[in-house]
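The values are calculated or read from the model by the stated rules, or taken from the named source; none is laboratory data. Everything numeric in this text was worked out from a predicted model, so none of it was measured. Cβ atoms come from the backbone with ideal geometry, glycine included; neighbour counts cover every protein chain shown.
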Amino acid sequence: MDLKQKYTEVNISESGGITYSFDNNFVLALMDLDLVYSIQIVMQVERYVDNNYDKPTNSVVELAGVVKGKTPYYFLIDLWHFDNMLFENMMEIDSDMYLDYYNKNLVLVKY
């Protein structure tokens, strides 16, 4: 039995849409984390896409994020945002660097 291939797409209209995807390096970085952190990061990416899919920047930007908890996890993601969004190269950062990105309004989700 063949299954339909699944992908994530955000529709702008019925005739068109914008897709976003994760680079292999991004997926590998998620797989290296605890499952709880990975799920929360993907949820933050979803929220970011929902709020920003209609404003392509036609550039590459770095976005910081944090997974709150007993031990917060601060991270940085490269986003290629041209016709489609491509999330790649996630790495861990410290809280000072996160605050620098927060002050520049370059975060996935503002709390």
**Asked** From the list 67, 107, 60, which one is β-branched (Val, Ile, Thr) and over 18 Å from residue 40 (Cα atoms)?
**Response** 60
**Request:** Could you tell me whether any residue of the range 9-17 is more than 15 Å from the chain's Cα centre (by Cα) and at pLDDT 90 or above?
**Result:** no
**Message:** Conditions first: (1) loosely packed, with under 15 Cβ neighbours inside 10 Å; (2) of a type in the set (A, V, I, L, M); (3) part of a strand (DSSP E or B). Residue 28 passes all but one, so which condition is the exception?
**Reply:** (3)
**Prompt:** Could you give every pair whose Cβ atoms fall below 9 Å, whose first residue belongs to the range 32-60 and is farther than 17 Å from residue 109 by Cα, and whose second residue is in a helix (DSSP H, G or I) and among the polar types (S, T, N, Q), counting only separations of at least 6 or pairs across chains?
**Reply:** 32/38
**Request:** Would you point out the residue of the range 60-92, among those that are among the β-branched types (Val, Ile, Thr) and crowded, with 18+ Cβ neighbours inside 10 Å, that is nearest to residue 35 (Cα to Cα)?
**Result:** 67
